[in-house]
Structures are given as C-alpha cells and as structure tokens.
C-alpha cells in the first residue's frame, strides 16, 4: 500500500463517476465530533443546517462533487438495537442527504453472509480504496488511513458495498 495517502478532498475531487463509503462500526470516538455528540446526548440538539460553519468542510465538497456528476453513496452496517452513536449519526444524516449523498442502513444480522473487508473504506471510481483505520475506542489510529489500487482489493470492496447497498434500507425508511 502506498505510504503517502492524499487527503480526502483531493481524492474526492479526483473521482469521475462514483465515491462510495462503507461504515461498519457501532460507534466512533473521533475527537473532532466528541463535543457535538456529547451535547446531542445531553440536549438532543444537533446542527442540521447544511449552510452552517459546522458543515462548511463537508457540504460544499459533496455538492461540488455531485455537481460534476459523481454519485456519492454511503452505507452503514449497524447492530440492533442501535447505539446512541448510531442514533446521533441517523439524526444528522439529513445534512448528508441535503448535500447530495445517498444513504442506506443495513442491520448487521442481514449482512452475515457478505464478505466484508476488515475496515471502513471509501472506494473511488471502483478502483481506488482508502481504508479508514480506527482504534478500538473509535478514534483515528496512526496512521489514519491506508490506500490501495490493487484490483482484487477494489473488487472485494466493490462487491461488499454493492451487497450491503442492495439489502440496505434507504435513510428515510430506517427507523432507529
């Protein structure tokens, strides 16, 4: 795997047809969102304004990408009953949708026969895989990600994503 992984905006801006993301953890503990997550747990309040400062790094990037004709899909495999973190993710997903992403949810019990890679990933144009690497507590590991353009790995990730997507429930129909 290459040692120098381009940053995510560079990878997304290089996508020509598709960018798909598979998430498989029931909770994440990344420092950048821990404060918002804790506030949501205490108050139920979330920033759902796609134009707000809190979404300024994500929403414009997604909109720019989708405007170029790139299809962005995100699938989440979740255990049920869902964790508080998944409830938080579900509650904030309308911003992803407003930006132009398509999102589906798949209960883990419906993914038992799907061959899945060992980490969350982004797959760009069906050929370039960026694995997101987390610690056991859900924070970013060091290094945060690894990449490969190995066709066999890209095919595994593509196959896994498509199987999850096919079985997944569209966001608006998935109740937490």
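The values are calculated or read from the model by the stated rules, or taken from the named source; none is laboratory data. Note that the coordinates shown come from a computational prediction; the quantities given were computed from them, not determined experimentally. With ideal geometry, Cβ positions are generated from the backbone for all residues, glycine too; neighbour counts draw on all protein chains shown.
Points worth noting:
- Every test in (1) in a loop (DSSP other than H, G, I, E, B); (2) in contact with a helix residue (DSSP H, G or I) (Cβ under 8 Å, 6 or more places away or on another chain); (3) within 25 Å of residue 156 (Cβ to Cβ) is passed by residue 65 save one, and that test is (1).
- The set of residues from segment 91-103 being more than 12 Å from the chain's Cα centre (by Cα) and outside any loop (DSSP other than H, G, I, E, B) comprises 91, 92, 94, 95, 97, 98, 99.
- Selection within segment 104-120 - out of contact with any strand residue (DSSP E or B) (no Cβ under 9 Å at 6 or more places or on another chain) and part of a helix (DSSP H, G or I): 109
- Residues within segment 1-46 that are free of Cβ contacts under 8 Å to residues at least 12 places away in the same chain, assigned to a loop (DSSP other than H, G, I, E, B) and within 23 Å of residue 105 (Cβ to Cβ), tallied: 2
- For segment 94-103, taking the residues that are surrounded by fewer than 19 Cβ atoms within 10 Å (Cβ to Cβ) and touching a helix residue (DSSP H, G or I) at 6+ places or on another chain (Cβ under 7 Å), the one that is nearest to residue 61 (Cα to Cα) is identified as 100.
- Boolean, residue 41 is modelled with pLDDT of 95 or more, in contact with a strand residue (DSSP E or B) (Cβ under 9 Å, 6 or more places away or on another chain) and surrounded by 12 or more Cβ atoms within 10 Å (Cβ to Cβ): no
- Applying the condition of being surrounded by 15 or more Cβ atoms within 10 Å (Cβ to Cβ) and over 15 Å from the mean Cα position of the chain (by Cα) to segment 64-86 and asking which residue is nearest to residue 174 (Cα to Cα) yields 82.
- Segment 162-176, residues that are in a loop (DSSP other than H, G, I, E, B) and touching a residue at least 60 places away in the same chain (Cβ under 8 Å): 168, 174, 176
- Residues that are over 18 Å from residue 12 (Cβ atoms) and within 15 Å of the chain's Cα centre (by Cα) within segment 119-139 comprise 119, 133, 134, 138, 139, listed in sequence order.
- Checking every residue in segment 123-136 against the condition of being more than 20 Å from residue 33 (Cβ to Cβ) and assigned to a helix (DSSP H, G or I) gives zero matches.
- Single condition residue 32 does not satisfy, out of (1) exposed (fewer than 13 other Cβ atoms within 10 Å of the Cβ); (2) modelled with pLDDT under 95; (3) more than 17 Å from the chain's Cα centre (by Cα): (3)
- Flag if residue 51 is within 30 Å of residue 113 (Cβ to Cβ) and not in a strand (DSSP E or B): no
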